[in-house]
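The values are calculated or read from the model by the stated rules, or taken from the named source; none is laboratory data. Note that the structure is predicted; figures quoted are calculated from it, not measured. Ideal geometry is used to build each Cβ from the backbone, glycine not excepted, and the neighbour counts take in all protein chains shown. Quick note on the areas: whole protein, heavy atoms, side chains included, nothing else; ligands and nucleic acids left out. Shrake-Rupley method; radii C 1.70, N 1.55, O 1.52, S 1.80 Å.
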Amino acid sequence: MMHRFRKWLYKPKDNVLNIINQIMDVCIPQDRAPRDFCVKFPEEIRHDNLAGQLWFGAECLAAGSIIMNRELESLAMRPLARELTRSLEDVRGTLRDQALRDLNTYTEKMREALRHFDVLFAEFELSYVSAMVPVKSPREYYVQQEVIVLFCETVE
């Protein structure tokens, strides 16, 4: 039951973020923040509604909440969470204004708001997920890749 409630809670946020991501893919394709760090996330973390959970987490942190048993990390992330939620509201407002004017034009103000949001969201994603679960070090990731290559060579 709780799992269904969580899905319902994050779904509208996921839809908004998916639309913003689609707009960023068209509007600022070469200026997107790198997300290479996501490959280091455990498999169970990478799912469709992660973005909605991150948005919810940012809102909670910005409002003063603390991540479960992670007070120091919460305090450290709070300024980033506040800036991210402000940036998201700026993006939504800019997109709303632009939609009322011309859907086929991407103003520099819109591009800048999207770039800023994308960088903040990537930073928050890495910080938040790293605080919640152990993220593989570059060495652990390299060893995993080596094992995969050896396995593939063995199968061939």
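Whether any residue in segment 65-81 is modelled with pLDDT of 85 or more, within 30 Å of V143 (Cβ to Cβ) and in contact with a Ser or Thr (Cβ under 6 Å, 6 or more places away or on another chain) is what I want to check. Scanning segment 65-81 turns up at least one residue that is modelled with pLDDT of 85 or more, within 30 Å of V143 (Cβ to Cβ) and in contact with a Ser or Thr (Cβ under 6 Å, 6 or more places away or on another chain).
Would you point out which residue out of L95, L84 is aliphatic (A, V, I, L, M), under 22 Å from I20 (Cα atoms), open to solvent by less than 60 Å² (accessible area, probe 1.4 Å) and within 15 Å of the chain's Cα centre (by Cα)? So the residue among L95, L84 that is aliphatic (A, V, I, L, M), under 22 Å from I20 (Cα atoms), open to solvent by less than 60 Å² (accessible area, probe 1.4 Å) and within 15 Å of the chain's Cα centre (by Cα) is L84.
Condition check: in contact with a Gly (Cβ under 9 Å, 6 or more places away or on another chain) and either in contact (Cβ under 8 Å) with a residue 24 or more places away in the chain or crowded, with 17+ Cβ neighbours inside 10 Å (or both). Does F56 satisfy that? No; evaluated as a whole, the condition is false for this residue. The residues of segment 1-30 that are at pLDDT 80 or above and either touching a strand residue (DSSP E or B) at 6+ places or on another chain (Cβ under 6 Å) or of a type in the set (A, V, I, L, M, F, W, C) (or both), listed by number, are V16, L17, I19, I20, I23, M24, V26, C27, I28.
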